[in-house]
Amino acid sequence: MNHRQNQPKPDDRSDNVEKLQEMVQNTIENMEEAEETAQYASGNDRADIEAKNERRRDSIEAMRNEIKDEVRDQNH
């Protein structure tokens, strides 16, 4: 039996900043699309869209903080 097949891959974090930046951009685009849709939505639908975009803003802030941490860690 070959035990090498069961070994996990090394943790390659070299492209984390790039991936996080892409995630931020995708989230911003989703927010913009949702805001366009909200213009034509009513009542509860509009409230749901606004709540989701608020959660997206929180996610963006968390991702940006993670980007800062990654950059700091890479520079040490």
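The values are calculated or read from the model by the stated rules, or taken from the named source; none is laboratory data. Keep in mind that what you see is a predicted model, and the values were worked out from it rather than measured. For neighbour counting, all protein chains shown are included, and Cβ atoms are generated from backbone atoms with ideal geometry for every residue, glycine included. Accessible surface is based on the protein model in full, side chains and every heavy atom, while ligands, DNA and RNA are left aside. Shrake-Rupley method; radii C 1.70, N 1.55, O 1.52, S 1.80 Å.
Each of Ser14, Asn65, Asn26 was placed along the dipole of the chain (beta-carbon charges, centred on the mean Cα), and the one lying farthest toward the positive end is Ser14. Net charge dipole, the chain: roughly 420 debye, given to the nearest 20, about the Cα centre with Cβ charges of +1 for Lys and Arg and -1 for Asp and Glu. The structure-derived value of percent of Cα pairs over 19 Å apart appears in the list (1) 50; (2) 55; (3) 30 under the label (2). Helices in the chain, meaning DSSP H runs of at least 4 residues, each add -39500 (n - 2.57). Divided by all residues, the mean residue ellipticity at 222 nm is -26000 deg cm²/dmol.
Taking the accessible area of the chain, probe 1.4 Å, and keeping the other protein chains in place, the carbon and sulfur fraction comes to 43%.
Using the Cβ-Cβ distance between Glu36 and Glu66 with R0 = 22 Å, the FRET efficiency computed as 1/(1 + (r/R0)^6) comes to roughly 0.20. A straight Cα-to-Cα reach below 12 Å connects Lys19 with the aspartates and glutamates Glu66, Glu70, residues fewer than 8 places away in its own chain not being considered.
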